[in-house]
Every structure is written in C-alpha cells, then in structure tokens.
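The values are calculated or read from the model by the stated rules, or taken from the named source; none is laboratory data. What you see is a predicted model, and the numbers here were worked out from it, not measured in a lab. Note that we place each Cβ from the backbone using ideal geometry, even for glycine, and neighbour counts take in every protein chain shown.
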Amino acid sequence: MDPDAQKRAAAARAIDYVRPGMRLGLGTGSTARHFVELLGERVRAGLEVVGVPTSDATRRDAERVGVPLSTLDETPELDLTVDGADEIGPDLSLIKGGGGALLREKIVASASARMVVIADESKWVPMLGRFPLPVEVEPFGLQSTRRAIEKAYADTGSPAPAVLRRTKDGHAFVTDGGHWILDGALQRIADPKALAARLCAIPGVIEHGLFIGLASVAILAGSAGVRVVERS
Ligand code: A5P
C-alpha cells in the first residue's frame, strides 16, 4: 500500500466507530479528508449523522460529499471526533497543526466524548518532537511572543528557534482564525505536559499543537495492515 492508500485504510476502519445519530467532529488534512469522503458514501446510503468541521477546507469537503453540517454553537457536545495527526506518541499524545487547523481541531476534539486519530504508520514515534511543533500566535507583539516561546523551549530542554510559517509566495500563513503560526523544530519533547503548560502561560499564544489526553484510540495503517492502539 502506498501512503495514501494507508491513510484511506485507516479512515475506513474509523467508519466502524460511527453509529447512527452521532454528532461527529470532522478533522482536517489528507487523512481526515478520506474519512469525510467515506462518511459521505455512508450518508448517501442512508446513515444519519451530523458533522462539525474543524476548518473551512473540511467544511467544503463535507458539503461536496453531502455530510450534513452543524456548528459547535448549535451542537456544543459531540460524540466522536475523527482526525489525523502529524505525530503520535506511545501514550497517544499528538503533534497536530501541520495543516494549520490546530486551534479548531483542539476545540472540536475537546468538545467530543471520544477522539479517534487516524494515520499511516509513519506518524507513530517513540517520542514527540521530530515534526516541528506548530504554535498559533496573535500577530500583535510577534517578536515578544517568539522570544517567550523560545525561552519555554530552552527551559524545558529543547532549545530551538520558533519560525514564522509562510505561504509559497512568502506571506505569513494565516489560520482560519486570523492568526499566525510559529513552527519549532524541537527534535525531542521529553516532557510534553510541562512544555504545554509553559506555552499556555504565554499571553500571545492562542494554542499549541500538543494534544495530550485527547485521543483514546489510534488507527494506524502500514504495509502489514491496519492496527488499533487504545490508550491505557
Ligand atoms: C491539520 O492542522 C493537522 O493537524 C492534520 O491533522 C495533520 O497535519 C495531519 O495531516 P495529514 O493527514 O495530511 O498528514
């Protein structure tokens, strides 16, 4: 299986977790897009669910395939969120936000009774940190916020620059919420909880891409097939 087929296989297994009447959080990214497409097939075959998208891109995908949509204002409690990840650690801690949707992804996952993360095996790591950690920031005061973030990295044992994410044409990448993203290539995050607490305490930080204690199931697809890991 090539990586895209693996993503689709993981997404297909996640469909097993969907029950009629569920209120679903719909993740963002290439793996989550497979889930939305497969969910659309089920909806067209008669399955009744409602979805809350985590990004404008996912909203458009869901509309295209016919998944009925709601918002967290109309539907503040969800049964299940299915989303991808950039890295998955052994305790199902995640790095997310490679696609820039981390804030809405975290809000939606936190409003859900359960989060299932879907990915190809390349996302499974013994320790988080090889994928650059995205931190969503308020543009006002960027340099001060950047310095505070870099101090948090150094103080927690992973010194690294916090680099402004840019689009291909060189402009700052702007999130759906109108914020910017600083990516930190930390290499290893020895204590994700400690780092998360430090980042949350910085006023210009809107949200960070460490998802701790949110995912309860990981569905991983590789060349040997699909495996399911449950958080103990
Ligand atoms: C979006 O902001 C991210 O959190 C994605 O869920 C993550 O980047 C995984 O994306 P892929 O499924 O495209 O690898």
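Go through the stretch 213-232 residue by residue and tally those that are under 15 Å from residue 114 (Cβ atoms) and aliphatic (A, V, I, L, M). The number of residues fulfilling the criteria is 7. Helices (runs of 4 or more DSSP H) fully within the stretch 1-105 that include at least 3 residues being of a type outside the set (D, E, K, R), within 15 Å of the ligand (Cβ to nearest atom) and touching a residue at least 40 places away in the same chain (Cβ under 8 Å): 3-14, 30-44.
Scan the stretch 139-153 and tell me whether some residue there is buried (at least 19 other Cβ atoms within 10 Å of the Cβ), outside the structural domain of residue 32 (by TED's automatic domain parsing) and among the acidic types (Asp, Glu). No, the stretch 139-153 contains no residue that is buried (at least 19 other Cβ atoms within 10 Å of the Cβ), outside the structural domain of residue 32 (by TED's automatic domain parsing) and among the acidic types (Asp, Glu). Hey, among the residues in the stretch 1-42 that are among the charged types (D, E, K, R) and more than 26 Å from residue 209 (Cα to Cα), which one's surrounded by the most Cβ atoms within 10 Å (Cβ to Cβ)? Applying the filter and picking the extreme gives 42.
Selection of the stretch 162-204 for residues being of a type in the set (Lys, Arg) and in a loop (DSSP other than H, G, I, E, B) yields 165, 168, 188.
Only one entry of 87, 105 meets the criterion of being in contact with a Phe, Trp or Tyr (Cβ under 7 Å, 6 or more places away or on another chain), surrounded by 22 or more Cβ atoms within 10 Å (Cβ to Cβ) and of a type outside the set (S, T, N, Q), and that entry is 87. Just one of the listed residues (134, 159, 126, 139) is assigned to a loop (DSSP other than H, G, I, E, B) and within 29 Å of residue 11 (Cβ to Cβ), and it is 126. Considering the conditions (1) out of contact with any helix residue (DSSP H, G or I) (no Cβ under 6 Å at 6 or more places or on another chain); (2) closer than 16 Å to residue 119 by Cβ, residue 20 is excluded by exactly one of them, (2).
For the stretch 205-225, state whether one or more residues are more than 16 Å from the chain's Cα centre (by Cα), assigned to a strand (DSSP E or B) and surrounded by fewer than 20 Cβ atoms within 10 Å (Cβ to Cβ). Taking every residue of the stretch 205-225 in turn, at least one turns out to be more than 16 Å from the chain's Cα centre (by Cα), assigned to a strand (DSSP E or B) and surrounded by fewer than 20 Cβ atoms within 10 Å (Cβ to Cβ).
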